[in-house]
Amino acid sequence: MDEFGYLSVIISVILGLSIAQLLQGISQVINARDRVRMYWPTMAWTVLLLLVDIQAWWAMFGYRNRHAWTFVQFTIVLFEAIMLYLLAAIVLPNIPNEGEVDLRSNYFRHASWFFGSLVVLLLDSLLKSVVVSGGLPGKPDLAFHLFWITTAFIAAFVRNDRYHKAFVCLSFALFMAYIALLFSSLC
């Protein structure tokens, strides 16, 4: 086993836990649908996080030929997976066996933590480029990061329903464009 093959095991486990958390949350919402007051931005962020987890795992393949790793480099890469798990744990509530669950109320209750964590994730992604690859990412990648950092920072403080609905739609569209532009093939 090479160096990154060894190091990627724990990253893959954490990303797998994140995906499992999201899928479990979706299944809880479906199973308790009679008691859940839906809020579509919550479900949209859940699906988007699932796509981000998959993209993160896909992008890790780019490190397959890297053999020299420092503890700091590995920790920064690992921290990205940890933040993805925390976002997955925050986006949907644990649904109790009894009582109504209001996804809109839960969304805004955790918005500061969720979007603050998203900002930290994106900053870590930029730091990863600098520390692991030796510089900031290319212009399209950097522009995406800076735009998403700015809009997520605003979302952490704004409680306007229209903003959050527009933001998740825009995030979804931009993330799909981001994948198509930068990660469409496994190289």
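Given the criteria at pLDDT 95 or above and loosely packed, with under 13 Cβ neighbours inside 10 Å, does residue 72 qualify?
Yes: the conditions hold for residue 72.
Could we say that residue 21 is open to solvent by less than 70 Å² (accessible area, probe 1.4 Å), modelled with pLDDT under 95 and under 30 Å from residue 162 (Cα atoms) here?
no
Which numbered condition trips up residue 100, out of (1) open to solvent by 50 Å² or more (accessible area, probe 1.4 Å); (2) without any contact (Cβ under 8 Å) to a residue 12 or more places away in the chain?
That leaves (2) as the condition not met.
Please find, within the stretch 4-45, the residue that is farthest from residue 62 (Cα to Cα) out of those that are in a loop (DSSP other than H, G, I, E, B) and in contact (Cβ under 8 Å) with a residue 24 or more places away in the chain.
35
Across the stretch 109-144, what is the number of residues that are hydrophobic (A, V, I, L, M, F, W, C) and open to solvent by 30 Å² or more (accessible area, probe 1.4 Å)?
Count: 9.
Would a scan of the stretch 2-9 turn up a residue that is under 17 Å from residue 118 (Cα atoms) and either out of contact with any strand residue (DSSP E or B) (no Cβ under 7 Å at 6 or more places or on another chain) or open to solvent by 70 Å² or more (accessible area, probe 1.4 Å) (or both)?
Step one: filter the stretch 2-9 for residues under 17 Å from residue 118 (Cα atoms), giving none.
No, the stretch 2-9 has no match at all.
Of the residues 122, 127, which single one is within 19 Å of residue 86 (Cβ to Cβ), in a helix (DSSP H, G or I) and in contact with a His (Cβ under 8 Å, 6 or more places away or on another chain)? Let's see the steps before the verdict.
Details: 127 fails: in contact with a His (Cβ under 8 Å, 6 or more places away or on another chain).
Only one candidate passes the filter, namely 122.
Test of understanding: among 95, 179, which residue is closer than 25 Å to residue 76 by Cα and open to solvent by less than 50 Å² (accessible area, probe 1.4 Å)? It would help to see each step written out before you state the result.
Working: 95 fails: closer than 25 Å to residue 76 by Cα.
Result: 179 is the single residue among 95, 179 that is closer than 25 Å to residue 76 by Cα and open to solvent by less than 50 Å² (accessible area, probe 1.4 Å).
Could we say that residue 54 is open to solvent by 30 Å² or more (accessible area, probe 1.4 Å) and in a helix (DSSP H, G or I) here?
Numbers: open to solvent by 30 Å² or more (accessible area, probe 1.4 Å): yes; in a helix (DSSP H, G or I): yes.
Considered against the rule, which asks whether it is open to solvent by 30 Å² or more (accessible area, probe 1.4 Å) and in a helix (DSSP H, G or I), residue 54 comes out as yes.
Could you check the stretch 62-84 and list, in sequence order, the residues that are in contact (Cβ under 8 Å) with a residue 40 or more places away in the chain and among the aromatic types (Phe, Trp, Tyr)?
63, 69, 74, 79
Would you pick out the residues in the stretch 155-172 that are more than 16 Å from residue 47 (Cα to Cα) and either touching a residue at least 12 places away in the same chain (Cβ under 8 Å) or among the charged types (D, E, K, R) (or both)?
155, 156, 157, 159, 161, 162
Within the stretch 145-163, track down each residue that is part of a helix (DSSP H, G or I), open to solvent by 50 Å² or more (accessible area, probe 1.4 Å) and of a type outside the set (S, T, N, Q).
Within the stretch 145-163, 146, 147, 153, 154, 157, 162, 163 qualify.
The values are calculated or read from the model by the stated rules, or taken from the named source; none is laboratory data. Everything numeric in this text was worked out from a predicted model, so none of it was measured. Note: ideal-geometry Cβ built from the backbone for every residue, glycine included; neighbour counts use all protein chains shown. Calculation scope for accessible area: heavy atoms of the full protein, side chains included, ligands and nucleic acids excluded. Shrake-Rupley method; radii C 1.70, N 1.55, O 1.52, S 1.80 Å.
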